[in-house]
Amino acid sequence: MNNIERIKHLGKATNIFYFKQFSVKDDRSTMRVGTDAVLLGAAVDVKGAKSILEIGTGCGIIALALAQRSEALIDALEVDDESVIQAKQNVEASPWKGRIEIIHCPLQEFLPEGGRKYDLIVSNPPYFSGTFKSFKSKRNISRHNVRLTFDELIEKSDELLNDAGSLWIILPVKESLEFIDKAQRSGFFLNYLLKIIPKTGKVYNRVIIQLKRKEVPEIKIETLTHWNANGSWAGEFKRFTGDFYIDF
């Protein structure tokens, strides 16, 4: 059993996930540790960022990943009581507890102190709408837009971003098209698109997008494959997430 398999095993048994510079407990959280969160934490261009807002932090993994890769002050919003408690515990146990603040507040009601604007806004948002909901209410909150719609996320991002700021989102392909369309109608432009392919030979099923208020002459489009056809980790995935996973 390699280190990543051990991480998965430990996660199932104790809900503790060990990364190179931090660990995360997620058994009380609506948004648990997953590949999407790690990929978003690795993809965001944090160069020069002094302030970051994460929306829907769950257990805090994305905020922690961004803190590892930057020197920014990070505000991380969460509405679920138990998730807030656990995220605060994870942050307190990390090397960056002085730079991350977990804020128990819905985005719709969030008013930053002193009217602060952010260089980056990052979110792995709820994305299912009008589809069957599971009986697990926490899962509904994290995956269905019952508390935060795309329109609300875009409107508040427009309010809270610096003029040159970026909005970074990870979504399934269908939902990303809807989100991009709504964002463009609100004055945002797609600057970057990362297509995530689950396995060699498959089509991409997730995208990470960067939106800004400034249009670029050519949108930068990249692809990233998770697994090789034989089930081994793809080299590009290992390089991309190498700051975090113990084996890479």
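The values are calculated or read from the model by the stated rules, or taken from the named source; none is laboratory data. Not measured: the values here are computed from a predicted model. Methodologically, a virtual Cβ is constructed for each residue, glycine included, from the backbone with ideal geometry; neighbour enumeration extends over all protein chains shown.
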Practice task
Scan PHE248, PHE188 and give me the residue that is at pLDDT below 95 and either within 14 Å of THR35 (Cα to Cα) or aromatic (Phe, Trp, Tyr) (or both).
Solution key: PHE248
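Give the residue, chosen from ILE219, ILE209, that is within 17 Å of LEU40 (Cβ to Cβ) and in contact with a Leu (Cβ under 6 Å, 6 or more places away or on another chain).
Just a single option satisfies the conditions, and that option is ILE209.
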Exercise for the section: Name the single residue, out of those in the stretch 46-74 being surrounded by fewer than 24 Cβ atoms within 10 Å (Cβ to Cβ) and touching a Phe, Trp or Tyr at 6+ places or on another chain (Cβ under 8 Å), that is nearest to GLN21 (Cα to Cα). Expected result: GLN68
Problem - Selected residue (criterion: farthest from ILE121 (Cα to Cα)) from residues of the stretch 160-179 that are among the aliphatic types (A, V, I, L, M) and crowded, with 21+ Cβ neighbours inside 10 Å - result: LEU171
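Inside the stretch 224-246, can you point out the residues that are polar (S, T, N, Q) and more than 24 Å from GLN68 (Cα to Cα)?
Within the stretch 224-246, ASN228, ASN230, SER232 meet the criteria.
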Handout entry: Criterion: modelled with pLDDT of 50 or more and either surrounded by fewer than 15 Cβ atoms within 10 Å (Cβ to Cβ) or polar (S, T, N, Q) (or both) - qualifying residue of SER129, SER142, SER134, SER157
Key = SER157
Handout entry: Residue in the stretch 27-45 that is surrounded by the most Cβ atoms within 10 Å (Cβ to Cβ), counting only those that are of a type in the set (D, E, K, R) and modelled with pLDDT of 95 or more
Key = ASP36
Exercise for the section: Would you confirm whether any residue within the stretch 65-83 is within 11 Å of the chain's Cα centre (by Cα), at pLDDT 95 or above and farther than 22 Å from ASP163 by Cα? Expected result: yes
